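Undergrad: Please find one structure pasted underneath; my questions will follow.
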Amino acid sequence: MSKFQDNIRIIPRAAKVTAWIVSLGCAILIGILSTFPPDHSQPIPMVGRILLPLLAFAVLFIYIHLIGYVNGDSKRRGMRHVMWTLLAIFIPDAIGIILYFILRDAMPVTCPSCGTSVLSKFTFCPNCGTSVKPTCPHCGKAVDLAWTHCAHCGSTLPGHIPRTA
Ligand SMILES: [Zn+2]
Ligand SMILES: [Zn+2]
C-alpha cells in the first residue's frame with residue numbers, strides 16, 4: 001500500500017462522512033443563495049454560481065479531511081490526540097493544523113525482536129525490553145550515533161577514539 005493510501009486510511013470514518021455532508025450542504029446552500037439572492041437583487045453571473053459552490057466544497061472537504069488526519073495521525077504517534085483535534089478544529093485559518101505538522105512526534109518504531117510498535121519517546125520496547133535506539137553502555141539512556149560522548153553522563157561512547165586535548 002502506498003504512503004498516500006496509508007495516510008488516507010488513518011482518517012476516521014466519521015471525519016470522511018462529516019466532510020461529505022458539510023461540504024455538499026454548504027455548496028448546495030451557496031448555489032441556492034447565489035441563484036436566488038435573499039434580498040431579491042440580481043443573481044450573480046452563471047460562472048460565479050458554478051465556481052463558488054465548487055470552491056466552497058473543495059476547501060471544506062480538504063479542511064475536514066485534514067482535521068481527521070490530525071486525529072488519526074496523532075493517535076498512532078501516541079500524542080494527545082483529543083487536544084490536537086480540538087486545536088485543529090478551533091484555531092482559525094488552519095493554524096492548529098499547521099502547528100500540528102510542525103510539532104508532531106516522530107513515528108513509532110517497530111521492535112526488531114518482537115514486532116511491537118514502540119513510541120518514539122521510548123528507548124526500550126515495553127513488551128520485551130529490547131533496545132530500539134542506540135544507548136549509552138554506562139547510564140543506559142538513548143544517545144545519538146553522531147555523539148562521541150553521552151550527553152546524559154559524559155562517558156565516552158564506544159566506537160569513538162577518546163579525543164586528546
Ligand atoms: Zn519487543
Ligand atoms: Zn551515559
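Undergrad: If you take the residues of segment 3-29 that are open to solvent by 60 Å² or more (accessible area, probe 1.4 Å) and β-branched (Val, Ile, Thr), which of them is modelled with the lowest pLDDT?
TA: Narrowing segment 3-29 to residues open to solvent by 60 Å² or more (accessible area, probe 1.4 Å): 3-5, 8-9, 13-14, 16-18, 20-21, 24, 28-29.
From the residues that got through so far, the ones that are β-branched (Val, Ile, Thr) too are 8, 17-18, 21, 28.
On the way: Ile8: 91, Val17: 97, Thr18: 97, Ile21: 98, Ile28: 96.
By that ranking, first place goes to Ile8.
Undergrad: Which of the following residues is more than 16 Å from ligand 1 (Cβ to nearest atom), out of contact with any helix residue (DSSP H, G or I) (no Cβ under 9 Å at 6 or more places or on another chain) and either farther than 23 Å from Lys3 by Cβ or outside the structural domain of Arg77 (by TED's automatic domain parsing) (or both): Cys111, Cys139, Cys125?
TA: That would be Cys139, the only listed residue that is more than 16 Å from ligand 1 (Cβ to nearest atom), out of contact with any helix residue (DSSP H, G or I) (no Cβ under 9 Å at 6 or more places or on another chain) and either farther than 23 Å from Lys3 by Cβ or outside the structural domain of Arg77 (by TED's automatic domain parsing) (or both).
Undergrad: Name, by its number, the condition in (1) at pLDDT 90 or above; (2) within 16 Å of ligand 2 (Cβ to nearest atom); (3) of a type outside the set (S, T, N, Q) that does not hold for Ile91.
TA: Only one criterion is unmet by Ile91, namely (2).
Undergrad: What number of residues within segment 116-140 are in a loop (DSSP other than H, G, I, E, B), open to solvent by 80 Å² or more (accessible area, probe 1.4 Å) and within 23 Å of Arg104 (Cβ to Cβ)?
TA: Here the count works out to 3.
Undergrad: Go through segment 1-58 and count every residue that is within 26 Å of Arg76 (Cβ to Cβ) and part of a helix (DSSP H, G or I).
TA: 18
The values are calculated or read from the model by the stated rules, or taken from the named source; none is laboratory data. Source: prediction; values computed, not measured. Note: ideal-geometry Cβ built from the backbone for every residue, glycine included; neighbour counts use all protein chains shown. Each accessible area value is taken on the protein alone, full model and side chains, heavy atoms only, with ligands, DNA and RNA left out. Shrake-Rupley method; radii C 1.70, N 1.55, O 1.52, S 1.80 Å.
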